[in-house]
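Below you'll find the structure, written out as structure tokens, and then a few comments.
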Protein chains: 2
Amino acid sequence: MNNILSFFQESSERVEHFLDNRLINSSVFTAKLNEGMRYSLFAGGKRLRPALVYASYGLFSDDYDYVTPFAAAIEVLHTYSLIHDDLPAMDNDDMRRGKPSNHVAFGEAEAILAGDALLTKAFEIMSDYTCAPNIPADIRVKAIYKLALAAGDLGMVGGQFADINAEGKKPTVELVEYIHKNKTSALIECAVYLGAVAGGANDKQLENLISFGKYAGLAFQVVDDILDITSSSDVLGKNVQKDINSHKATYPAVYSLEGAKSKAEQYIHKACRSLDSFGDKAETLLSIAKFITERKS
Amino acid sequence: MNNILSFFQESSERVEHFLDNRLINSSVFTAKLNEGMRYSLFAGGKRLRPALVYASYGLFSDDYDYVTPFAAAIEVLHTYSLIHDDLPAMDNDDMRRGKPSNHVAFGEAEAILAGDALLTKAFEIMSDYTCAPNIPADIRVKAIYKLALAAGDLGMVGGQFADINAEGKKPTVELVEYIHKNKTSALIECAVYLGAVAGGANDKQLENLISFGKYAGLAFQVVDDILDITSSSDVLGKNVQKDINSHKATYPAVYSLEGAKSKAEQYIHKACRSLDSFGDKAETLLSIAKFITERKS
């Protein structure tokens, strides 16, 4: 466990160093926009998605700086989604990672724009030849395409839309699985893909790694749903039991708490089996999978 | 004028045909999201940005289908910006192009997500090898980078942020110029760039076309400000005099109406001079510049 925590730490440092240099304000008229973007970007968090980019890439190379733009871009995109999810018109959460949500700290219009700017920044970073100029253009285009698919109406935004529209209705298994697959798993799968495609994975390797990402992502969301019920506000840094109170579509709501725990284990098992062909080299990815199931926040 | 109107018409048809096939709903849970995205995408509008992509590309080739993904992507991105600009927390406009705004028709959370999905869709289209597979990857990466810069915190979102934050304050020339350059001109300049880079423009040609786009974009916004004062709600399809009433940062507010008219002429003159080296081949771009200054809506 110590090893994987230091891997997370190193991943965070690489990405934060990159982003600290990248998120530069260009005008006196946008100083507060820049501040709002940085407020949410540097609010801590596990940096799970960058860690997955690095761990996946690590199967092929240990030159981690090479893939840092991809790791940073997906964290920037994830941060936008948290800001928009918290908005009053959406989940209306006033706390995030133990701090006031972006719109509470900066205002609603400002939070919408900070989110829009971060979403756009992700693609700016992915396509910037001046950072990591060695990544070939065709790899970049594939990576950008996958990121856009994972993040848009056919992925994360679709999942969030289904989630918002499900509130107050009795959730079905189909709905919960749609939401988890798209709202959470799509981007986690994409993180693993970005590392793999940058590392030069062949088709079979890509397929296995995508399968790992998909099931690890599903497990992550089931565990999130479980923690929302079993954990306390202090540990989680956000309002707990909110999902249950608002009749949100969660795994425990359709499978019971015990059923959800068993589902999380099944998913993690499938995730880990997808890595069999990589042998010992997959140790870091396997440790991240273990971390996902055993985390307390 | 008839020629340029039919050029706009043909540009619209190409882009709408492409987008009609592209904006496919994938799930029963996101049918309304898809509907919301299409509602704003197919709400009419001049399709100025696609026309500029085609006209700029037309300097190099008449195989317009080749560049359609770029033309469609920038229109999709422009549409997202209109949806988010109209939100209650932003400009709070309940009418757009003579119809209820997206959030009035679909709800606020739904409109935020439709905007997010369209912004992401623009990059999905730009990076999709299955549409216009002939565009080389390095051209795509350059085009995506330019689009992201033009649209994000260093471009359009920055301009919108400055605009929102300026309300109620006495506008300065610096502020108005910052807003116009970033909120409007950046994306129009980008449209011209996308056509040029897809067409294989050399550095000098790119420089001239970027200059054209920049000044044409500035003229477009000054004319918009002027129309807001002089036109009627029927012609414009949105609430007029809103900008003046809310003390928004506009050209007429800092330069007077006559001063703004003269500024628009100066900008268009600079735009047209940038095309001198293209001679007669620039006829379509010049006609679009003329259209921008002479339009009534």
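Please specify each residue of region B:130-160 satisfying the condition of being within 7 Å of chain A (Cβ to nearest Cβ), under 20 Å from B:TYR57 (Cα atoms) and not hydrophobic (A, V, I, L, M, F, W, C).
Within region B:130-160, B:ASP138, B:ARG140, B:TYR145 qualify.
Suppose we filter region B:6-27 for residues that are modelled with pLDDT under 95 and exposed (fewer than 13 other Cβ atoms within 10 Å of the Cβ); how many remain?
Here the count works out to 1.
Consider A:ILE112 against the criteria (1) surrounded by 21 or more Cβ atoms within 10 Å (Cβ to Cβ); (2) under 20 Å from A:ASP225 (Cβ atoms): it satisfies all of them except one. Which criterion is unmet?
It is condition (2) that A:ILE112 fails.
One residue is enough: does region A:40-52 have a residue meeting the conditions more than 20 Å from A:LEU147 (Cα to Cα), within 14 Å of another protein chain (Cβ to nearest Cβ), touching a helix residue (DSSP H, G or I) at 6+ places or on another chain (Cβ under 9 Å) and modelled with pLDDT of 95 or more?
yes
Considering only region A:100-157, how many residues are under 15 Å from B:ALA143 (Cα atoms), free of Cβ contacts under 8 Å to residues at least 12 places away in the same chain and part of a helix (DSSP H, G or I)?
Qualifying residue count for the region: 6.
Would it be correct to say that B:ALA201 is without any contact (Cβ under 8 Å) to a residue 60 or more places away in the chain and more than 8 Å from chain A (Cβ to nearest Cβ)? Explain how you work it out, then say what you get.
Working: without any contact (Cβ under 8 Å) to a residue 60 or more places away in the chain: no; more than 8 Å from chain A (Cβ to nearest Cβ): yes.
Taking the combined requirement at face value, the residue does not satisfy it.
Output the residues belonging to region A:65-121 that are touching a strand residue (DSSP E or B) at 6+ places or on another chain (Cβ under 9 Å) and either away from every other protein chain (no Cβ under 12 Å) or over 28 Å from B:LYS183 (Cβ atoms) (or both).
Listed by number, the residues that qualify are A:LEU82, A:ASP94, A:SER101, A:ASN102, A:VAL104, A:ALA105.
Can you pull out every residue in region A:163-176 that is at negative phi and touching a residue at least 24 places away in the same chain (Cβ under 8 Å)?
A:ASP163, A:ILE164, A:ALA166, A:GLU167, A:LYS169, A:LYS170, A:PRO171, A:THR172, A:VAL173, A:LEU175, A:VAL176
Evaluate the following for B:LEU154: is it in contact with a Gly (Cβ under 8 Å, 6 or more places away or on another chain) and more than 26 Å from A:ALA89 (Cα to Cα)?
Values: in contact with a Gly (Cβ under 8 Å, 6 or more places away or on another chain): no; more than 26 Å from A:ALA89 (Cα to Cα): yes.
Taking the combined requirement at face value, the residue does not satisfy it.
Please give the number of the condition A:ILE179 fails out of (1) at pLDDT below 95; (2) in a helix (DSSP H, G or I); (3) under 18 Å from A:MET90 (Cβ atoms).
Condition not satisfied by A:ILE179: (1).
Failed condition for B:ASN165, given (1) modelled with pLDDT under 95; (2) touching a His at 6+ places or on another chain (Cβ under 9 Å); (3) in a helix (DSSP H, G or I); (4) not hydroxyl-bearing (Ser, Thr, Tyr), with all others met?
So the condition that B:ASN165 fails would be (2).
Looking at B:GLU189 and the list (1) crowded, with 24+ Cβ neighbours inside 10 Å; (2) free of Cβ contacts under 8 Å to residues at least 60 places away in the same chain; (3) within 14 Å of another protein chain (Cβ to nearest Cβ), which single condition is not satisfied?
Going through the list (1) crowded, with 24+ Cβ neighbours inside 10 Å; (2) free of Cβ contacts under 8 Å to residues at least 60 places away in the same chain; (3) within 14 Å of another protein chain (Cβ to nearest Cβ), B:GLU189 breaks only (3).
Could you run through region B:250-275 and say how many residues are at pLDDT 95 or above, outside any helix (DSSP H, G or I) and buried (at least 22 other Cβ atoms within 10 Å of the Cβ)?
Counting residues in region B:250-275 that are at pLDDT 95 or above, outside any helix (DSSP H, G or I) and buried (at least 22 other Cβ atoms within 10 Å of the Cβ) gives 1.
The values are calculated or read from the model by the stated rules, or taken from the named source; none is laboratory data. Bear in mind the structure is a predicted one, so any value in this text is a computation, not a measurement. In this analysis, Cβ positions are derived from the backbone assuming ideal geometry, glycine residues included, and neighbour counts consider all displayed protein chains.
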